[in-house]
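**Q** The structure is given below, and queries will be raised subsequently.
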Amino acid sequence: MSSGSTLTEILINGVSRGAVYALVALGYTMVYGVLGMINFAHGEVFMIGMFACVYAIGIFSVAWGNHVLLNLGLGLLVAMIFSAGYGYANERIAYRRLRKAHALAPLTSAIGISTFLQYFIFLTVSKQNVGFPRYYSDMLTSNHIHLGGVDITYLQIAILGLTIVIMTGLFYLIHFTRFGIALRATAQDQLMASLVGIPVDRIIAFTFILGSALAAIAGVMVSMYDNVLVFDAGYRVGLKAFTAAILGGIGNIPGAVLGAMILGLTEALTTLGFGSEWNDVSTFAVLMLVLLLRPRGLLGERVADKV
Amino acid sequence: MSSRWRPYLLGILGLAILTFPFLWLQLRPDFTENTMTVTWAPWHALQFFGNLSPIFLLALLIWAGNWSNRRFGWSRALAQTPAFEKTAHLWQGYWAWAAMPLVLSGAFFMSASGLNMFTNVGIYMLLALGLNITVGMTGLLVLGYAGFYGFGAYFFALAQGYFSFFPWWLAGPLAFFLGGGVGYLLGLPCLRLRGDYLAIVTLGFAEAFRVLIGNLDITGGQKGIILHTSATFHGFAGMRGGQIAFIVTALVLFLAVFLIQRLYHSPVGRAWIAIRENEVAAASVGVPVVQMKLLAFSLSAAIAAAAGVIYGAMDGFISPEVCTFQQSIMVLAMVILGGLGNSYGAMLGAALLYLVPEYLQLLPSTIQNSTALSAIVPPFLSGAFQHLSDYRWLLFGMVMVIMMLYRPQGLLGSRRIKTEMRAS
């Protein structure tokens, strides 16, 4: 194989990894856009999605046998529902009562939720890595199409396709629906939004639920891609996704996608040049560089400070 | 009745549904077919709740204490008894000085393992004090504090390996200034911004630093570095190395408390508090916000680096484990538990969070060795205490959430932060 096609393959890997980061980063950036707070438990919601999918597949295979497409599709659905439930619980427990408190308070309680969820899975599910059932992921990971001299697996196509569909849907939801208008109004001014009859509490809860469901999709994709489920996966991916959200300008949805793509490509190129163990170092270098040159992120705009 | 309890019942029901598969079912990989099945594992869930039973006991005790306090008001009565009221000013400010000879004399009658444990407590107290400057006093969140701790430790380890003579008393002050410099450089790009950028930049720094030292050859990779005995705390003037370590840690701790308290009550400290309360308002009355934030952050980074040197000199061995994310979160939990913005609170939190798990780990053997205790404590409870160290992080998470909801100012939080952190 020529080096040119290796580079293209690396780039495709980078873009599909970036797409996964983008799905997680959206959750961070939406919550930040609406509440102005970091949702530190978001990575753990992603991890819950991974495990919920595998549990669902296990239950279905006991209940009615191994039907790949049916069980996988239902597993994805269950993962989204479970992650949404955990995201909602996180909002109710860690955020709602502390919304008007000092900024450190909800952040700290979210770190508490995140630590709790990690070690809950560590103690109840598995201390070691769990593999994704290959019977289900093989169809997606071992089949590939040949395009312009490189092999693209079905899974990579699925990740890219799903991400594009979700981004389009999200763009439509935020810009052209009543919910989107309410969401943007809540982000601008919660008090004014509630005065004109927008149910602020419900809008904020729905933001958490939406972000968590997207994280679950990313979780299932990553667990198939890497074939590893582990209790601290949420921390690792969450850190990357959060960095991506900051790179693009936190609170800005297209920015999160752009940042995630840059991060995915950086990682892929680092893996090619130095080896995958240096990924975290290059990520940090990119973050510092962007913060030095464009302190508000690539697409972030200057906002006036409020007293 | 029903309308009052309904949200709680619904919440518990929701949580039961959400945790159901993870608690009551167990994953079974099927390697012949490469699939996954689940099996019913009620025993697993019961064991989980059984292991948590000491916590439920503790929660019940706290609830009973609160209830009886509401009913009989004993805490106010206690505070108003003349013995406490009249002497309150005595044990608020100057008890540290009275404690000094007491603490230092401890070096001469403690066992080696006790000295080791309390030196560790001292190091964590130093870290909590340092982190309290940024998180508690200035209101900036730092999530990668252990990165600076690791920086100090590795600076010491590398320098003593490179130079033939590089003892701890040379490394400590040098690490203090170098750590401060690193903090300054790291803070420079992100402290100009509002919001929580510092949190993520420090977290990224700590992770990148850990990965870097875990992969480089000169730092020994994951295996770590063993320090020369000439550089570490060794016996001197008839005292053992452990005693020297304890005394040095205690003296550094007293110095740090003194300096931080003086700073806190100086114009600098007032500027920090002003920034914490309202950054824009502080800037508008002429507080140099960026400089003050940088000063707070570099100072806390410097303290962590110095603590890293003390750790290296005490332990004689350094590995990338010193700057894991868990370490950062542990120190943060100490500051939050003890009381944001209060130096003594941070130290109390450090002592509690380090010593309680240590003693809990020792508890089962203590119960077994003592005939009286083993007669009283039922066996299932002592078995549960054995697993409690596994559950430490789970409890950390719970404690952090519960503290934020019910006592956001921490155990000894300053009164000023209490009014501010409560939901208005």
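**Q** Pull up region B:213-234, narrow it to residues that are surrounded by 17 or more Cβ atoms within 10 Å (Cβ to Cβ) and of a type in the set (A, V, I, L, M), then point me to the one that is nearest to the other protein chains (Cβ to nearest Cβ).
**A** In this case the residue turns out to be B:213.
**Q** When you check residue A:30 against the structure, is it crowded, with 21+ Cβ neighbours inside 10 Å and over 30 Å from residue A:185 (Cβ atoms), yes or no?
**A** Here the answer is no, as residue A:30 does not meet what is asked.
**Q** Here's a follow-up. Taking the criterion of being of a type in the set (Val, Ile, Thr) and within 30 Å of residue B:412 (Cβ to Cβ), would at least one residue in region B:370-380 satisfy it?
**A** no
**Q** A follow-up question, please. Does residue B:140 count as in the same structural domain as residue B:326 (by TED's automatic domain parsing), touching a Pro at 6+ places or on another chain (Cβ under 6 Å) and either closer than 26 Å to residue B:313 by Cβ or outside any helix (DSSP H, G or I) (or both)? Break it down stepwise before answering.
**A** Details: in the same structural domain as residue B:326 (by TED's automatic domain parsing): yes; touching a Pro at 6+ places or on another chain (Cβ under 6 Å): no; either closer than 26 Å to residue B:313 by Cβ or outside any helix (DSSP H, G or I) (or both): yes.
Answer is no for this residue.
**Q** Hey, among the residues in region A:53-78 that are at the interface with chain B (Cβ under 7 Å from one of its Cβ atoms) and part of a helix (DSSP H, G or I), which one's farthest from residue A:210 (Cα to Cα)?
**A** A:62
**Q** Would you pick out the residues in region B:353-375 that are in contact (Cβ under 8 Å) with a residue 40 or more places away in the chain and either basic (Lys, Arg) or more than 14 Å from chain A (Cβ to nearest Cβ) (or both)?
**A** B:354, B:355, B:358
**Q** Looking only at region B:101-137, count every residue that is surrounded by fewer than 24 Cβ atoms within 10 Å (Cβ to Cβ) and of a type in the set (S, T, N, Q) and tell me the total.
**A** 5
**Q** Then there's this: Within region B:227-236, is even one residue assigned to a helix (DSSP H, G or I), assigned by TED's automatic domain parsing to the domain that holds residue B:326, farther than 22 Å from residue B:98 by Cβ and free of Cβ contacts under 8 Å to residues at least 60 places away in the same chain?
**A** There is no residue in region B:227-236 that is assigned to a helix (DSSP H, G or I), assigned by TED's automatic domain parsing to the domain that holds residue B:326, farther than 22 Å from residue B:98 by Cβ and free of Cβ contacts under 8 Å to residues at least 60 places away in the same chain.
**Q** Looking at region B:30-51 only, could you name the residues that are in a strand (DSSP E or B), hydroxyl-bearing (Ser, Thr, Tyr) and more than 8 Å from chain A (Cβ to nearest Cβ)?
**A** Passing the criteria: only B:39.
**Q** Consider residue A:203 carefully, then state whether it is out of contact with any Lys or Arg (no Cβ under 9 Å at 6 or more places or on another chain), more than 30 Å from residue A:10 (Cβ to Cβ) and in contact (Cβ under 8 Å) with a residue 24 or more places away in the chain. Step through it out loud before you land on a result.
**A** Details: out of contact with any Lys or Arg (no Cβ under 9 Å at 6 or more places or on another chain): yes; more than 30 Å from residue A:10 (Cβ to Cβ): yes; in contact (Cβ under 8 Å) with a residue 24 or more places away in the chain: yes.
It is true that residue A:203 is out of contact with any Lys or Arg (no Cβ under 9 Å at 6 or more places or on another chain), more than 30 Å from residue A:10 (Cβ to Cβ) and in contact (Cβ under 8 Å) with a residue 24 or more places away in the chain.
**Q** Determine which single condition residue A:161 fails, assuming it passes every other condition in (1) within 30 Å of residue A:55 (Cβ to Cβ); (2) touching a helix residue (DSSP H, G or I) at 6+ places or on another chain (Cβ under 9 Å); (3) not polar (S, T, N, Q).
**A** Looking at each condition in turn, residue A:161 falls short on (2).
**Q** Hey, can you tell me all the residues within region B:319-354 that are part of a loop (DSSP other than H, G, I, E, B) and modelled with pLDDT of 85 or more?
**A** B:319, B:324
**Q** Right, next: Name the one entry in B:201, B:182 that is within 14 Å of chain A (Cβ to nearest Cβ), under 22 Å from residue B:310 (Cβ atoms) and in contact with a helix residue (DSSP H, G or I) (Cβ under 7 Å, 6 or more places away or on another chain).
**A** Step by step, each of B:201, B:182 is checked, and only B:182 is within 14 Å of chain A (Cβ to nearest Cβ), under 22 Å from residue B:310 (Cβ atoms) and in contact with a helix residue (DSSP H, G or I) (Cβ under 7 Å, 6 or more places away or on another chain).
**Q** Give the residues of region A:249-269 that are farther than 18 Å from residue A:160 by Cα and of a type outside the set (S, T, N, Q), sorted by residue number.
**A** Looking only at region A:249-269, we keep the residues that are farther than 18 Å from residue A:160 by Cα, and these are A:249-252, A:269.
Answer for region A:249-269, where residues must be farther than 18 Å from residue A:160 by Cα and of a type outside the set (S, T, N, Q): A:249, A:250, A:251, A:269.
**Q** Can you name the condition, by its number, that residue A:50 falls short on among (1) in contact with a His (Cβ under 9 Å, 6 or more places away or on another chain); (2) more than 8 Å from chain B (Cβ to nearest Cβ)?
**A** (1)
**Q** Name the pairs: first residue in region B:308-324 and closer than 17 Å to residue B:228 by Cβ, second residue crowded, with 24+ Cβ neighbours inside 10 Å and of a type in the set (S, T, N, Q), Cβ to Cβ under 7 Å, at least 6 apart or on different chains?
**A** B:310/B:249; B:314/B:119
**Q** Every residue in region A:86-101 that is touching a residue at least 60 places away in the same chain (Cβ under 8 Å) and either outside any helix (DSSP H, G or I) or facing chain B (nearest Cβ under 7 Å) (or both), please.
**A** Listed by number, the residues that qualify are A:86, A:99.
**Q** Can you name every one of the helices (runs of 4 or more DSSP H) wholly within region A:193-307 that holds 1 or more residues which are closer than 30 Å to residue A:173 by Cα and more than 16 Å from the chain's Cα centre (by Cα)?
**A** Answer list for region A:193-307: A:200-226, A:253-273, A:279-293.
**Q** Looking only at region B:157-188, which residues are within 23 Å of residue B:204 (Cα to Cα) and touching a strand residue (DSSP E or B) at 6+ places or on another chain (Cβ under 8 Å)?
**A** Taking region B:157-188 and keeping what is within 23 Å of residue B:204 (Cα to Cα), we get B:157-158, B:175-188.
Matches in region B:157-188: B:157, B:158.
The values are calculated or read from the model by the stated rules, or taken from the named source; none is laboratory data. Keep in mind that this is a model prediction, so the values were computed, not measured. Cβ: placed from backbone, ideal geometry, glycine included. Neighbour counts: every protein chain shown.
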